[in-house]
């Protein structure tokens, strides 16, 4: 059985697998009891990943690249000396720099979450103390992190939050959850991790460490998904976790604040009246001061948001900004920046730019009770988008942000004055050679910032002073990677903007060196998730890039009309037409690519995963043998079977939008796939796009006697974990594509005669 999740047998026996651990930055999950793991949180970048933040509290590295093997003498809490062999991939330093939190025995759960055991290392004397809950020793925890003061810390065990004022203090239990309920405190369940907060941690410390805000997510009425695990036993075992599908009950959520100094006192922050008696989501929480916090609520349809300021001492929340959102805006859950006195806050809102339409820009609003007659004061303007707010420096009178002003495929760091005269400065333009796509992290006092150069050249990490950004210290230049690539034939990359159906469509085309001398097969990487962006200048060295270089294949990525960085006039997306317009955009670009003299229009293939796999199948159904072969990984085939938060965001409730769901479903077009050549790959334990999607598709493909290939990965999830599975997957896809694109297919006699006549 797969130990990441509880089995039905363990749920019935109500066994408790005790655990302890500390994590941080929303990058890691920590292990609860196995039965509570399912009940409490569903066996649960930077919107897309956040690309800017005010500080980074938890250090995380790639497990494969930076495994640190540490053998230390550990003094346990029973004063017993034990030698521990730790393999750590994450660590966090306490605020007073006296202790280091080490995570080991890490076991992934979902895309970001994992469980782990934890030890606390003393910098002064080298002692290593295990972190455990009162209920049991040597137990794995769901989550843990240092607080902002001294060496206070909190951890989550069995769905409940525990607090330690210091490393040597006994843990205090802050919440008490009914063991029979699917309730988790301070952490995301599947829905919040994957679709709403986009992070695992669901608790937030006040700056002074005096209070802790946390979500309490209740899935007691949410339908439970069962995923079978086949390996390792005489009989399969089932993994259970709450997973709301379109139209079903969604988790209820509450926001609480607990006082940590003095007697524990917990207050609920009350949602706005308009959402109090209705299904809703909480998509953002941030502290403004030691006693006030900002909260954003969304209605279930996710087309209305309400930003409130809540008083932690009373639980009262007042509305500050209410907005009706379109399909693009509901992807943006920006964290607003508040002035020190809390009187003004800055956020990203759509601003009209004349005939050019609306673009996203920085707006200042009063944090006093909302006055509808007072419009926001915009600090930026132009035919480009502000993508992330990075930092507010009131002393210097500036806001730092990332934007697409240089080009929609780049991200540069800018500053703008707060006085509203639209004076802005590009800090990173021409700053570092080979860098045009940045991520930035500022120090708490905004005197320094770390730049992550993500491309198009080899990634680098540098530290800068805000006063003299041109002088910097290099933390990482990836010199070994640079040297390794010196003698490699990397593809050339072209960016193009194409016009089709009165819309601008954007293309990233990677071509073999000397591409103009020959005809090349074309592989289109399909993504197309609404609000996402595939055409960027980020450095990439993944299997498609390697495949392109080794086999002289042209590689294309496309952003249709629903991508970011182009304003709202050019993104009039009908949310009910979830697949048809994206298919139309892709096919329009492919038609133009077929006219290029170096593209072989008889050797084209598609590759897509999840939503990209769905679009891949949709394109096959919309054409007649246009593509020689295609691969769809974990494809979504019916949005009624998919996540409620995602499906309802674009299609609405199935009971009211039955036609939209039928039109979007791939299962209604299976007969059009009968004569197409395609490969389906799916992990049987996929918790995001359940194997049920492929099973429904395969059942219908068999009925129409379709020509397809299938590769399953037993007990593997949406992200393959086993190295052998990863290697096999890459080899399978590469061999499949190489075989079908290697030889140019013969034209039928009618087409041959037509070509000869020409």
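Since every read-out is calculated from the coordinates, none of them should be taken as a lab result. This one's a predicted model, so the numbers in the text were calculated from it and none came from an experiment. Glycine also receives a Cβ, built like all others from the backbone with ideal geometry; neighbour counts cover every protein chain displayed.
Each pair of Cα atoms in the stretch 381-510 enters the Kirkwood radius, and Stokes-Einstein at 10 °C and 1.306 mPa s then converts it into a translational diffusion coefficient of 97 µm²/s. Model label sites at residue 181 and residue 368, defined 7 Å from Cα along the beta-carbon direction, differ in position by 4.0 nm.
Placing dummy labels 7 Å off each Cα toward the beta-carbon, the span from residue 426 to residue 517 is 3.6 nm. Computed extension gain for residue 602 through residue 166, at 0.36 nm per residue and net of the alpha carbon distance, reaches 150.3 nm. When Rg and the Kirkwood radius Rh are both evaluated on Cα atoms of the stretch 577-644, their ratio Rg/Rh stands at 1.01. Remark on the stretch 199-284: ratio of C-alpha radius of gyration to 2.2 N^0.38 Å is 1.50. Restricted to Cα atoms, the stretch 420-579 shows a radius of gyration and a Dmax of 18.9, 56 angstrom. If R0 is taken as 22 Å, the Cβ-Cβ distance between residue 395 and residue 311 corresponds to a FRET efficiency of 0.25. Modelled this way, with points 7 Å down the Cα-to-C-beta line, the labels at residue 318 and residue 476 are 4.5 nm from one another.
Can you tell me which of 400-408, 457-465, 716-724 comes out highest on packing, and rank the rest after it, using the mean Cβ neighbours within 10 Å?
Details: 400-408: 22.4, 457-465: 17.7, 716-724: 15.7.
Result, highest mean Cβ count within 10 Å first: 400-408, 457-465, 716-724.
To the nearest µm²/s, what D does Stokes-Einstein give for the stretch 270-426 at 37 °C and 0.692 mPa s, using the Kirkwood radius over alpha carbon pairs as Rh? Stokes-Einstein gives a translational diffusion coefficient of 201 µm²/s. Ranked by the mean number of other Cβ atoms within 10 Å of their residues, highest first, the peptides 243-249, 588-594 come out as 243-249, 588-594. You can think of it this way: the chain between residue 739 and residue 497 has 84.0 nm of extra reach, that is 0.36 nm per residue less the Cα-Cα gap.
Taking 0.36 nm per residue of separation and subtracting the Cα-Cα distance, full extension of the segment from residue 550 to residue 663 would add 36.7 nm. With the largest listed first and rounded to whole Å, the semi-axes of the equivalent ellipsoid of the stretch 453-525 from the Cα gyration tensor are 33, 22, 9. Comparing the stretch 492-749 with the 2.2 N^0.38 Å rule of thumb, its C-alpha radius of gyration ratio is 0.98 (two decimals). Evaluated at q = 0.15, 0.21, 0.26 Å⁻¹, the base-10 log of the normalised Debye intensity for the stretch 128-174, with identical point scatterers placed on the Cα atoms, takes the values -0.32, -0.65, -1.01.
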